[in-house]
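A short write-up of the structure that comes next.
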Amino acid sequence: MKLLNQDEARRISDKVMALTKADECRVTISGARKGNVRYARNSVSTAGLVEDTQLAVSVAFGKRQGTAQVNEFDDNSLEKAVRRAEETARLAPENPEFMPAMAKQAFRPSATMHPNAKAFTPEYRAEVAFQSIDAARKKGLVAAGFFADSTGFECIANSNGVFGYQELASLNFTVTTRTEDGRGSGWVNRAAYDPKQFDARAASEIAIEKALRSVEAKALEPGRYTVVLEPSASSDLLNFMFNAFDARQADEGRSFLARKGGGNRLGERLFDGKVNVWADPWDANAPVLPWEQQSMMARQKTDLIRNGQVASLDYDRYWAQKTGKQASADHGNLIMAGGSKSTEQLIAETKKGILVTRTWYIRMVDPQSVLLTGLTRDGTFYIENGQVKHPIKNFRFNESPVVMLNNIDELGKPMLIGDAGSRFRMMIPAMRVRDFNFTSLSDAV
Amino acid sequence: MERRTFLKVSAAAGGTLLVPVFGNAIAAEELLNPLSVQFKKTLADAALNAATKAGASYCDVRIGRYLNQFITTRDTNVENIVNTESSGVGVRVVANGAYGFVATNVMTADAVAEAARQAVAIARANARLQSEPVQLAPVKGVGEVAWATPFTKDWRTVPVKDKAEMLIAANKAALGTGATFMTSMLFQVNQQKYFASTDGSYIDQDIHRLWSPFTATAVDKASGKFRTRDGLSSPAGMGYEFFDAQPRHKVRAAGGVTTLYHGAYDIVEDARAAGRQAREKLTAKSVEPGKYDLVLSPEHLFLTIHESVGHATELDRVLGYEANYAGTSFATLDKWQSKKFKYGSDIVNFVADRTTPGSLGAVGYDDEGVPGKRWDIIKDGVLVNYQATRDQAHIIGEKASHGCSFADSWSSVQFQRMPNVSLAAGTKKLTPDELVKDVKKGIYILGRGSYSIDQQRYNFQFGGQLFYEIKDGKVTQQLGDVAYHANTQEFWNACTAMCDERDWRMGGSFFDGKGQPSQISAVSHGSSTTRFNGINVINTARKIA
């Protein structure tokens, strides 16, 4: 099915809402054309294209709610979806925490569809793979990468008059380049809204250089080191921490933001004063939809950490009502303030330290302290007197991002992070951090 | 890599709904009417014919209908009940020596024939980058056959009300014994998969799985401390009879510290224990870091097996196909070729198996039409084989695939996924209580906790749900803040004893992630309670500002 324009989407949502006799109705229509190419061992391994448009209908009878999804849009299918949602609602028990449909919202458009965005062809994707593989082959290396593009739209509507429609497109690229003997490995991650900002060959060259420089890694004793974290290396750690910025969890005593004796730590200074993080749907570098799909609430520009202080917590509508606070929409992006220095400049100003390209397999060890474990990967180097001296073996770390953000020396230039499964689109700076806790060595390359 | 895929089910759903998305929501009773086999065969033939006519040297077609139901509860509230359905057709071809894949949810002969032609076009576009042509191990066509997960109680026929009441009863049980908060979920999966290929197979399969995880949280507001204890259930490839636990399904843990389950599960009983144990965790003694002998219960050890043996012996990782994401493997071809690489001690034997009844990985055939089978991976501690698909078999000198090719949806391309990989039970009669008798300084670990391993499967760190000190042969008090670090080869070579088959049972991963775009898979890992000597234990307690 072709992607729907605003008029078509509105017509369908109106038709769906007219079909139900429930107390209220919420509709989401989203469609995308997603293409990808995956390669390894210097050959394409898979390539795919998925086009799909889905309609989700949720209705409520009092506090009983039911949801149905279909991906057909003829009149019979629309009616079928509504009846299924009604049937599920009648079978569902009352939810004491049910919140009625959102009142009419004003959505200020954000630039999620760049004028240069376009749907890519299999030939374009094959060309991306070719450029990356060709660059690696010329250096006698082996490339494994993944390029994915998405073009689509989202429409939300409800029986209280909420309506939003916006198009969106983006691309993501990662490549790991390894030496044939497996002793060196480099990686790069690129994301863009504007295809003209993406250059597969240039990106691949970074992974190639790291692979070539990372052979003959030396072992360094585990311990606390100053680290220069590239933006991708710290994004996963931060993602874990910001997932815990939920007011209810904190109020109930179930997160690091719970205050001893009860209540939460809103307003407390928990991080270095240089740390400033906010969400902004209209940010030119990381635009996201100006609404939260689930609640249909309009997003706002919101500070999460201001000068090291916890500036806001996430209140869903139920918890906000229960505690007498202002409800907030889930954030679509996270932007962390940085400086103007490149990663290379941060390295140049580091007396002794470790450069981390990428972190891997990060898991929560203790939510009480947000203690996370994980490893470095695909380019870990020792820095001495402002220069990358030699590659080092990868480390396992056990560190809390709360501690990490208290030990910041300096921040570099923020960069858009590729889609790595986070619910946030992130702009994160490179950062130099003191006393990062590496607990053991890994032989993995 | 093991992970749960939690995504928002839809914009239209309210509250704090977070459940996995597998497809389109439908009413429960509609789940019981499968697509007719004749209809599926007609669609499949349309694709096979179109692909062949367009120049494909091989084509397979997967017609999928994936039905799921998820129930989520919090304390005494049912947060959501979602029925989902996803149906469609995936067509994979080999043309000019390269793969092409296209999927469509339009289930007409014309649409699948067009998908087949597009797949051939994609294969041709990719062929110029192919360094060597795809080489498929032969599979003998089996004609029209069917396979189904054996079960006695169909989850689709059990009233939703009964299921919700079971979860709420579990929540109340935990809240009654010490938990401050309780969440529980029930995941139920039915995959109706039809496979056809130019080899002459038309395979109709009906696969069922379920899992009921929970988390009990105890909070001490005065100290600001909180601790959780997750359920000790194992997801299973069986029907709703899984919840009809009888005394014969219950296992006494070493020292009688808790009840464990084999073949069926009593979620209310486990939740009752969880509430008490979560509360006890608040005051558990913080572990002294150092070397310990670890006694690992199967409900814990399965995840260590999954990460350090299951993923490490996937041939696609060994060859480099996952290098950009999940990583490669230390278990390289030269180690296998040497026939003497000591992966573990002499008593360590791992078997790969697609046939174990009740397991998550049990199927009749994989997504390349290869029958499920059983084979050795590690024998007497030595690496002897890998897990392979049709296009990999020749690399390890085998004439047939191991049947390890799967896709998580009709819209995903099939690729190498692990079978059940299990540690064989000990051959000497030994109970868990007997196993701990000669442990002077040890820790008994139960349940899955945090887990992390490097991209070549050397260095890992695992936590757990329950940690008990073993002192002079006796299981004593709960410990807190425990995680163990090891290197895979050193760890398995430190394996010194295991209980016999009476204690052997399976744990499992319901949402095992791998690939780009990432796909999930479900797989079981069996073992009996097993001992490892001299493993490095760290203390994970930290203070933040």
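If you take the residues of segment A:27-42 that are open to solvent by less than 10 Å² (accessible area, probe 1.4 Å) and under 20 Å from the mean Cα position of the chain (by Cα), which of them is nearest to the other protein chains (Cβ to nearest Cβ)?
Here is the first cut: in segment A:27-42, the ones open to solvent by less than 10 Å² (accessible area, probe 1.4 Å) are A:27-29, A:31, A:35, A:37, A:39-40.
Then keep just the ones that are under 20 Å from the mean Cα position of the chain (by Cα); that gives A:31, A:35.
Numbers: A:31: 12, A:35: 10 Å.
Selected residue: A:35.
Does residue A:186 fit the bill of being over 15 Å from residue A:358 (Cβ atoms) and surrounded by 21 or more Cβ atoms within 10 Å (Cβ to Cβ)?
no
Does residue B:130 count as assigned to a loop (DSSP other than H, G, I, E, B), at the interface with chain A (Cβ under 9 Å from one of its Cβ atoms) and surrounded by fewer than 18 Cβ atoms within 10 Å (Cβ to Cβ)? Before the answer, list the steps.
Details: assigned to a loop (DSSP other than H, G, I, E, B): yes; at the interface with chain A (Cβ under 9 Å from one of its Cβ atoms): yes; surrounded by fewer than 18 Cβ atoms within 10 Å (Cβ to Cβ): yes.
In short, yes.
For every residue, the table says whether it meets (1) open to solvent by 30 Å² or more (accessible area, probe 1.4 Å); (2) without any contact (Cβ under 8 Å) to a residue 60 or more places away in the chain; (3) under 22 Å from the mean Cα position of the chain (by Cα).
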position: B:373; (1), (2), (3): yes, yes, yes
position: B:377; (1), (2), (3): no, no, yes
position: B:401; (1), (2), (3): no, no, yes
position: B:405; (1), (2), (3): no, yes, yes
position: B:412; (1), (2), (3): no, no, yes
position: B:423; (1), (2), (3): no, no, yes
position: B:427; (1), (2), (3): yes, no, no
position: B:430; (1), (2), (3): yes, no, no
position: B:442; (1), (2), (3): no, no, no
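Consider residue A:89 against the criteria (1) open to solvent by less than 10 Å² (accessible area, probe 1.4 Å); (2) facing chain B (nearest Cβ under 7 Å): it satisfies all of them except one. Which criterion is unmet?
That leaves (2) as the condition not met.
(1) more than 13 Å from every other protein chain (Cβ to nearest Cβ); (2) at pLDDT 75 or above: which one isn't true of residue B:20, the others all being true?
(2)
Of all residues being of a type in the set (A, V, I, L, M) and within 14 Å of residue A:228 (Cα to Cα) in segment A:393-427, which is surrounded by the fewest Cβ atoms within 10 Å (Cβ to Cβ)? Just the residue, please.
Among those that are of a type in the set (A, V, I, L, M) and within 14 Å of residue A:228 (Cα to Cα), it is A:408.
In segment B:102-126, what residues are in contact (Cβ under 8 Å) with a residue 60 or more places away in the chain and crowded, with 23+ Cβ neighbours inside 10 Å?
Answer for segment B:102-126, where residues must be in contact (Cβ under 8 Å) with a residue 60 or more places away in the chain and crowded, with 23+ Cβ neighbours inside 10 Å: B:103, B:112, B:115, B:116, B:119, B:120, B:123.
From the list A:182, A:164, A:186, which one is assigned to a loop (DSSP other than H, G, I, E, B) and of a type outside the set (Val, Ile, Thr)?
From the options A:182, A:164, A:186, the qualifying one is A:182.
Just one of (1) in a strand (DSSP E or B); (2) hydrophobic (A, V, I, L, M, F, W, C); (3) at the interface with chain B (Cβ under 9 Å from one of its Cβ atoms); (4) out of contact with any Asp or Glu (no Cβ under 8 Å at 6 or more places or on another chain) trips up residue A:362, so point out which.
Exception for residue A:362: condition (4).
Which residue is surrounded by the most Cβ atoms within 10 Å (Cβ to Cβ), if the candidates are limited to segment A:62-80 and must be under 19 Å from residue B:65 (Cα atoms) and more than 32 Å from the chain's Cα centre (by Cα)?
Taking the candidates together, the pick is A:80.
When the residues of segment B:187-207 are filtered to those that are in contact with a Pro (Cβ under 9 Å, 6 or more places away or on another chain) and of a type outside the set (S, T, N, Q), which remaining residue is farthest from residue B:231 (Cα to Cα)?
Filtering first and then ranking leaves B:199.
List every residue pair whose Cβ atoms sit under 9 Å apart, with the two residues 6 or more apart in sequence or on different chains, where the first one lies in segment A:337-361 and is farther than 16 Å from residue A:445 by Cα and the second, anywhere, is of a type in the set (Asp, Glu) and part of a helix (DSSP H, G or I).
Within 9 Å, no pair qualifies.
Could you please let me know if residue B:483 is aliphatic (A, V, I, L, M) and within 15 Å of residue B:303 (Cβ to Cβ)?
Numbers: aliphatic (A, V, I, L, M): yes; within 15 Å of residue B:303 (Cβ to Cβ): yes.
So residue B:483 fits the description; yes.
Return yes or no: is residue B:539 surrounded by fewer than 21 Cβ atoms within 10 Å (Cβ to Cβ) and out of contact with any Cys (no Cβ under 8 Å at 6 or more places or on another chain)? Quick ask: steps written out before the conclusion?
Details: surrounded by fewer than 21 Cβ atoms within 10 Å (Cβ to Cβ): yes; out of contact with any Cys (no Cβ under 8 Å at 6 or more places or on another chain): yes.
So residue B:539 fits the description; yes.
The values are calculated or read from the model by the stated rules, or taken from the named source; none is laboratory data. What you are looking at is a predicted structure, and each value in this text was computed from that prediction instead of being measured. Positions of Cβ are backbone-derived with ideal geometry, glycine not excepted, and every protein chain shown enters the neighbour counts. Heavy atoms of the whole protein, side chains included, go into the accessibility calculation; ligands, DNA and RNA do not. Shrake-Rupley method; radii C 1.70, N 1.55, O 1.52, S 1.80 Å.
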